[in-house]
Amino acid sequence: MKFSGQIVWITGASSGIGEALAYAFAREGAHLVLSSRRADELERVRRACARPADHIVVTLDLSRADDLPMAVSEVLARRGHVDILVNNGGVSQRALAKDASLTVERSLMEVNYFGPVALTKSLLPFMLKRETGHIVVVSSVLGYLGTPGRSTYAAAKHALHGWFDSLRAEIWRYDVKVTLACPGYVATAVSANALGPHGDSHGKTDSTHRSAISPEKCADAIIRGVARGKEEIYVGGREVFGIYLKRYVPWLLSRIVRNMKFSVRSPS
């Protein structure tokens, strides 16, 4: 098994890609630390994993960065170390830039950017001391490009790429790896849970996500990339080609994006 006996900490593990990653890592022999805000859902996931007794639940809220060092202390006290940290937790957006309140903009950045950075900074000294570890960031195709109604979400994902690319360049001598996983559309509740202009939930699953790849397929691709030590992993449908269009023919991507059908919440 690819990750036999390794301690893998997954945030956002109570649903979607995080839940699928939990099952996939458990099948490959990992001992899991499952985190999100919802203890009851984390327990459900833990019980559904292979060898549930090998896994633990540690609740945390990525929007409360000051509390994350305590979560790290708890995990280290209970497990001793962490081999792989999977920064997966986050929340999407469905609001035009002109309509989104600054309060919601800050909230999205707290969860999607500052939370993963704060958690990584709290755990990183222990990985550097051991001179081994792997930090995985579940970003998005929107870490490379922007689309209507996702301005702050895209900004947070772009910021993750900048920060973690820089971190990789700083810590490679310690044999601590950094992987950025960039899914496109995945059939999860991410669109239904996305925040509107004033923090209200979008409340419906967009057609792009109803016809998307499964969380299981996404998780399998991420696991394979992590096992191979890849720096970046792209997974999804045709939308993944947007990464290459942005890189080589950005003018063409701009034309395509202008004509996209997109779903947003209108300001009340």
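Only the coordinates and a few stated rules stand behind these numbers; no lab work does. Since we're looking at a predicted model, the values are computed, not measured. Note that we place each Cβ from the backbone using ideal geometry, even for glycine, and neighbour counts take in every protein chain shown.
Observations
- log₁₀ of I(q)/I(0) at q = 0.13 Å⁻¹ - region 149-268, Debye sum with one point per alpha carbon: -0.66
- Relative contact order (percent, whole number), the chain, Cα cutoff 8 Å, 6+ residue spacing: 19 percent
- Calculated FRET value between Glu41 and Asp66, using beta carbons and R₀ = 30 Å, to 0.05: 0.80
- Residues whose placed amide H lies under 5 Å from that of Gly89, excluding near-sequence neighbours: Thr11, Gly12
- Computed FRET value (nearest 0.05) for Arg79 with Lys204, which takes r as the C-beta separation and R₀ as 25 Å: 0.05
- Ordering of 141-147, 40-46 by burial proxy (mean other Cβ atoms within 10 Å per residue, highest first): 141-147, 40-46
- Two-decimal Rg/Rh across the chain, once Rg and the Kirkwood Rh are taken from alpha-carbon atoms: 0.95
- Per-residue HN-Hα couplings for region 12-29 [Karplus 6.51, -1.76, 1.60; θ = phi - 60°; Hz; x = Gly/Pro]: x, 8, 8, 6, x, 4, x, 5, 4, 5, 4, 5, 5, 5, 4, 4, 8, x
- Of the beta bridges in the chain, as assigned by DSSP with both residues counted there, near 5 percent are antiparallel.
- Degrees between helix 39-48 axis and first principal axis of the chain (Cα, 0 to 90, nearest 10): 70 degrees
- Förster-model FRET efficiency, 30 Å R0, Ala227 and Arg106, C-beta, rounded to 0.05: 0.25
- Rounded to 10°, Cα long-axis angle of helix 215-227 versus longest principal axis of the chain: 60 degrees
- Gaussian network model of the chain, Cα within-10 Å springs - most flexible of Val138, Val82, Val249: Val249
- If the chain linking Ser214 and Ser4 were pulled fully straight, counting 0.36 nm for each residue of separation and taking away their Cα-Cα distance, it would gain 73.1 nm.
- The chain: angle of helix 68-79 to the longest principal axis, Cα-based, in degrees nearest 10: 40 degrees
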